[in-house]
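Visitor: Shown below is the structure under consideration.
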Amino acid sequence: MILRATHLNKSYQDGDRCIDAVSDVDLMVRAGELISIVGRSGSGKSTLLAMIGALTKPTSGDIAIAGERVWELSEKRLADIRRKEIGFIFQFSSMLSNLRAVDNVALPALLGGESAPEEIYARAHDLLTRVGLARRASAFPCQMSGGEQRRVAIARALVNAPRLLLADEPTSDLDEETEEEIIALLEALRAEEGFGMVMVTHNRDLAALADRTLEMRQGVLAPIDARGAEAPRPIRPIILPAPAKHEPPATAVFEGARALQRLGANLWRMVGRGGLVAALFFGVALLSNAGIARYQQFEIEAHRTRLAALEELATSTLRSDIASIASLGGDRYEVTVYLENIKREPPIYVMSPSVRAFIQVGTGWQETTLSPVADATAAVLKVTGRQLYRFMLETRVETFTELLPHYMHVRFTNDMLVSPESTPKDELFQRSDNYFVYLKPKDVADETILRDVRFPGAPPLWIWMPPH
Ligand SMILES: Nc1ncnc2c1ncn2[C@@H]1O[C@H](COP(=O)(O)OP(=O)(O)O)[C@@H](O)[C@H]1O
Ligand SMILES: [Mg+2]
């Protein structure tokens, strides 16, 4: 048994009204089983799904996922269970727009940090192939159709090989043909991967594909048989009046989230059409829908995901080191630092890079003068491919530590803020690099050095050192 939910209740307080969204629901899902849930808008399907996915705590009742009673676990363990045992496919497209398809798929696994990125990307590519998107791995969400985006969402939901897949009306916004394709795909994947699945759908034909079909009615879940004839339902008195159902946002919290995303785009258009009243009403109704709380939860999750993506961008996609050092005579040197975006596109923006130089003296480091030459002074550097930035170094030190005889041990630090945007708001990653070199000081003769160090030719001006 992968899921065992017993006596689940969820009530919402809406002003002075109490809404019983889910009432005394029992639901068991065996490994590999497909269960479909149908029901009218507002009947409590999304609330139930959020509870069995351990996203929302029930008002009362018990949920065990893979044998563990989830609300008795620590936050960390609960987060682990959510990530590893459960895959979600939401009604709205939840792709991160600044990431390629393959990165979107890989992210939930990268966040877990338990496998090597190469393995994760191999699985992500494999899943994209299996959902028919082998050639679209590098496409960005805006370049993909609705059906393609849903396929990416499916691949992403499966990247951690969950035992339970929860899908909330995964095809409701797709045309009929695409809907059929997506369902066939989910079925093929379920046969291969063996996950159990609970699917909420408005489409009774789809529902009939399931091992069991259940119907939600005003918070009560009861079986119906595949031919659509209803089994007897428990009779429950409805004590509180159900909320009015005519307003658009009262449908579902996930729909609410989706509408909220659309709201920004549509609001001004509606206003332009003289629909100000409608727009405001819609906005207010949406805000009063407590589904927003859950939307915010997704937002936070999405934010964490974006930060992880940014970290990946800032740490692995951006490389930086000393490219070359030339002598300008005396104790002055021209130091060239490179920044390289190994993926070339899209650009990475590096804000206010601050490069400093230190020379080892005794066991400490003494800072010395390093000034940027024109091109390195820009506040924001746009990095595509490999770019070079020049600095002038003056090594004004009397004595220095000679780890390598006669050479100075020089450390450069580069503190930068990295972002995928040229005008970032909160998406900034701070990165600090250290580069190390041995540098030949002024007025030491090559013959002197060669007496102590056996270089094959003339002693080089500088020697690159790995970071240490
Ligand atoms: N966070 C919430 N706060 C208050 N009421 C809610 C909240 N989420 C859902 N509801 C209400 O609970 C009922 C069931 O909603 P939902 O589970 O979204 O239904 P469905 O997915 O079947 O459309 C609806 O009356 C809805 O307005
Ligand atoms: Mg819903």
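The values are calculated or read from the model by the stated rules, or taken from the named source; none is laboratory data. The shown structure was predicted, so the numbers you read here are calculated from the model rather than taken from an experiment. Heads up, the Cβs are rebuilt from the backbone with ideal geometry, glycines too, and the neighbour counts pull from every protein chain shown. The area values use the complete protein model at the heavy-atom level, side chains included, leaving out ligands, DNA and RNA. Shrake-Rupley method; radii C 1.70, N 1.55, O 1.52, S 1.80 Å.
Visitor: Output wanted: per-residue J couplings in Hz (rounded whole) for the stretch 311-323, from phi through Karplus 6.51 cos²θ - 1.76 cosθ + 1.60, θ = phi - 60°, x for Gly and Pro.
Guide: 4, 4, 4, 6, 9, 9, 7, 9, 10, 7, 5, 7, 8
Visitor: Further question on the same structure: So, R0 is 51 Å and r is the distance between the beta-carbons of VAL397 and GLU345; what FRET efficiency does that work out to, to 0.05?
Guide: 0.75
Visitor: Once fully extended, how much extra length lies between THR129 and MET28, figured as 0.36 nm per residue of separation less the alpha-carbon to alpha-carbon distance?
Guide: That works out to 33.2 nm of additional length.
Visitor: Order the following by accessible area, largest value first: LYS440, LYS343. Probe radius 1.4 Å; ligands, DNA and RNA are ignored.
Guide: Descending accessible area places them as LYS343, LYS440.
Visitor: Using label points projected 7 Å from each Cα along Cα→Cβ, tell me how many nm separate THR413 and ALA184, to one decimal.
Guide: 6.1 nm
Visitor: May I pose another question? For ASP211, ASP443, ASP321, what's the largest-to-smallest order of accessible area, 1.4 Å probe?
Guide: In descending accessible area the options line up as ASP443, ASP211, ASP321.
Visitor: Would you tell me the accessible area of HIS409, worked out with a 1.4 angstrom probe on the heavy atoms of the protein chains, in Å² to the nearest 10?
Guide: Its heavy atoms expose roughly 10 Å² to the probe.
Visitor: Mean 1/r over all different Cα pairs, inverted: what Kirkwood radius does the stretch 317-465 give, in Å?
Guide: Radius from the Kirkwood sum: 16.4 Å.
Visitor: When Lys and Arg each count +1 and Asp and Glu each count -1, what net charge do the other residues less than 15 Å away from PRO466, Cβ to Cβ, add up to?
Guide: Charge balance near PRO466 sits at 0.
Visitor: Quote to one decimal, in nm, the extra length available between MET1 and GLU421 on full extension: 0.36 nm per residue of separation minus the C-alpha distance between them.
Guide: 146.6 nm
Visitor: Taking a temperature of 37 °C and a viscosity of 0.692 mPa s, what whole-number D in µm²/s does Stokes-Einstein yield for the stretch 3-236 with Rh from Kirkwood over alpha carbon pairs?
Guide: 179 µm²/s
Visitor: Extension gain THR363-ALA308, at 0.36 nm per residue separation less the Cα-Cα distance, in nm?
Guide: In short, 16.2 nm is gained.
Visitor: List the residues, sorted by chain then number, that are 5 or more residues from GLY87 or on another chain and whose placed amide H is less than 5 Å from its amide H.
Guide: Those lying under 5 Å, H to H, from GLY87 are LEU164, LEU165, LEU166.
Visitor: Return a whole-number percent for the relative contact order of the stretch 40-192, with Cα pairs under 8 Å and 6 or more residues apart as the contact set.
Guide: 28 percent
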